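The values are calculated or read from the model by the stated rules, or taken from the named source; none is laboratory data. Every value quoted in this text rests on a predicted model; they were computed, and no experiment measured them. All Cβ positions, glycine included, derive from the backbone under ideal geometry; neighbour counts span all protein chains shown. SASA here: full protein model, heavy atoms, side chains in, ligands and nucleic acids out. Shrake-Rupley method; radii C 1.70, N 1.55, O 1.52, S 1.80 Å.
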Amino acid sequence: MSLHLFDTATRELRELVPLRDGEVGLYVCGATVQGSPHIGHLRTDVAFDVLVRWLRRSGLRVALVRNVTDIDDKILARAKEAGVPWWAWALRHEREFTAAREALGVLPADYEPRATGHVTEMVDLMRTLVDAGHAYTTGDGDVWFDVRSWPDYGSLTHQRLDDLTPSEDEASPGKRDPRDFALWKSVKPGEPPTAAWPTPFGAGRPGWHLECSAMAQRYLGTEFDLHGGGIDLRFPHHENEQAQSRAAGYGFARMWLHTAWVSQAGEKMSKSLGNTAGVAALLGQTSAPVLRYALASVHYRSVVEWGPETVAEAEATWNRLSGFVHRACELVDPGDPQAAPLPAEFAAAMDDDLNVSAALAVVHDHVHRGNTALADGDLADAADEVAAVRAMLDVLGLDPLAWQTTGDGRTEQALDALVRAELETRAAARAARDWATADAVRDKLAAAGIVVEDSPTGARWAVKEQS
Ligand SMILES: [Zn+2]
């Protein structure tokens, strides 16, 4: 079987057939960096990270482009309230998003273009649309997309033009149809001069939709494989992106993927509801792999219900999975999870629209068999099972041994070798009933912030948690 994904444009499962052999171009709408990231934002990032990992594990090269919307009405408004330049406000929050993604093990995008760096491409696109009769200027610096000029408008979200309400952009006397949307917004009185760029149509700043069409085309070409984002972006954002790109003559995205949201007490998590769970605060309460497990273990098209029990359940499951991997890897060679074979049922589940529930059922089955092998002292079987478990968890970004290390892992390896040498000295002392030496080793490690736990399979160590 090959990878099938649910295309929200055609509303059916479709086989992913890359436009270019062996390569997948993926554009994901990134953050509007107006505030701090909450768990709803990271849900989308983790879901697409699992997709990217699965595509790569399937032997495909992936180009992931995720934009940063660093100029926008909300950024200007919030920066003004805070008394900070809008560009400083935007970068501050961009950094927070980067840190949150890194903390949750989201692999970096291949490129993260910023809207403010792509005005030239946006002007080119507007000029094409104006020349083709799909966009018009009103003389004051605004440029509008003419929805009536494009019969396909509404096709992405299966809506008829006559059923649509006016666009969210503020009314303008020159607008031909209330549903026309802004490609470019003219400078308004009182706005900072740094938030305007000169164009042949007048000075102003990008309408949000235009930037994604311009940047996707620049980095992925006029046509590319996959376009993704949160489900709330389907309309109007993605409908508008598709309309302006295709009206300009681009093939644009061949398939669309959308992630469901995170809800708290039955309500969609968003800034406006005030029920947000900031990633920084959550990371203070629980560990990063537990948060990642809570997000990655739900199918990307299903809503993640967020509450104290979500984290508690994720923690119990994570402890079971990582406990097995750590116990087994003390006895057998850990190997390389990306080189280990994947169970066929796991691959089939992932190919079936990233069915993580079915995929995790296979993981749990192998953990069960691995624990039985350990209990029976069958190290050959335990080695096979832990290799399979780590290979599968690696696809989900949840390999416990990868979470143990940071950077390139060399510092941790060196520390591990030194601590193990101390533990061998201690084990030898205890075998010789030399309790004074054994205790001295333990005290020396404790003074260095290392806690030692004795288990039936030998001593384990960890760096003491900060209290
Ligand atoms: Zn976008």
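Roughly how big is the chain's charge dipole about its Cα centre, with Cβ charges of +1 (Lys, Arg) and -1 (Asp, Glu), in debye to the nearest 20?
Using Cβ point charges on Lys, Arg, Asp and Glu, the chain gives about 840 debye.
Hey, could you get me the Stokes-Einstein D for the chain, Kirkwood radius over alpha-carbon pairs, 25 °C and 0.890 mPa s, rounded to whole µm² s⁻¹?
99
How large is ³J(HN,Hα), in whole Hz, for each residue of the stretch 255-264 in order, when computed from phi with the Karplus curve 6.51 cos²θ - 1.76 cosθ + 1.60 and θ = phi - 60°, using x for Gly and Pro?
Karplus-based 3J(HN,Hα) across the stretch 255-264 equals 8, 10, 10, 10, 9, 6, 8, 9, 10, 10 Hz.
Once fully extended, how much extra length lies between Arg92 and Asp232, figured as 0.36 nm per residue of separation less the alpha-carbon to alpha-carbon distance?
Residue separation times 0.36 nm, minus the Cα-Cα distance, leaves 48.0 nm.
What distance in nm separates the two pseudo spin-label positions at Asp333 and Ser357, each 7 Å out from Cα along the beta-carbon direction?
3.9
How many angstrom separate the Cα center of the stretch 121-171 from the Cα center of the stretch 198-228?
Between the Cα centre of the stretch 121-171 and that of the stretch 198-228, the gap is 14 Å.
Provide the per residue accessible area, probe 1.4 Å, for the chain, rounded to a whole number of square angstrom.
I get 46 Å² per residue for the chain.
Could you compute the longest span of the chain free of trypsin sites (Lys or Arg not before Pro) located in DSSP loops and having at most 10 other Cβ atoms within 10 Å, not counting the site residues?
Counting only loop sites that pass the neighbour cut-off, the longest clear stretch is 161-432.
Determine the distance separating the Cα centre of the stretch 418-441 from the Cα centre of the stretch 22-60; give it in Å without decimals.
Centre-to-centre (Cα) distance: 48 Å.
What is the percent carbon and sulfur in the accessible area of the stretch 297-411, measuring with a 1.4 Å probe over the protein chains and ignoring ligands?
C and S fraction of accessible area: 51 percent.
Search the structure for amide H atoms under 5 Å from the amide H of Val62, placed 1.01 Å from N in the peptide plane, and list their residues when 5 or more places away or on another chain.
Under 5 Å from the amide H of Val62: Val24.
Out of residues 5 or more away from Trp184 or on other chains, whose amide H comes under 5 Å of its own, with H placed 1.01 Å from N in the peptide plane?
Those qualifying (amide H under 5 Å, at least 5 residues apart or on another chain) are Val143, Gly207.
For the stretch 90-143, what number results from the quotient of the Cα radius of gyration and 2.2 N^0.38 Å?
Scaled against compact globular proteins, the figure is 1.72.
Please report the orientation-averaged projected area of the stretch 129-232, defined via the convex hull of its C-alpha atoms, in nm².
That works out to 8.1 nm², a quarter of the Cα hull's surface.
Quick one: Karplus J couplings for the stretch 444-454, per residue in order, coefficients 6.51, -1.76, 1.60, θ = phi - 60°, nearest Hz, x for Gly and Pro?
These are the phi-based 3J(HN,Hα) values: 5, 5, 4, 5, 8, x, 9, 9, 10, 10, 8 Hz.
Please give, to one decimal in nm, the separation of the simple spin-label points placed at Lys268 and Ser302, each 7 Å out from Cα toward the Cβ.
Rounded to a tenth, the inter-label distance reads 2.0 nm.
Can you give me the distance in nm between label points at Ala348 and Leu107, each placed 7 Å from the Cα along the Cα-to-Cβ direction?
Result: 2.6 nm between the two label points.
First measure r as the distance between the Cβ atoms of Leu13 and Asp378, then evaluate 1/(1 + (r/R0)^6) with R0 = 51 Å and state the FRET efficiency to the nearest 0.05.
The value I calculate is 0.80.
How many times 2.2 N^0.38 Å is the alpha carbon radius of gyration of the stretch 84-179?
1.47
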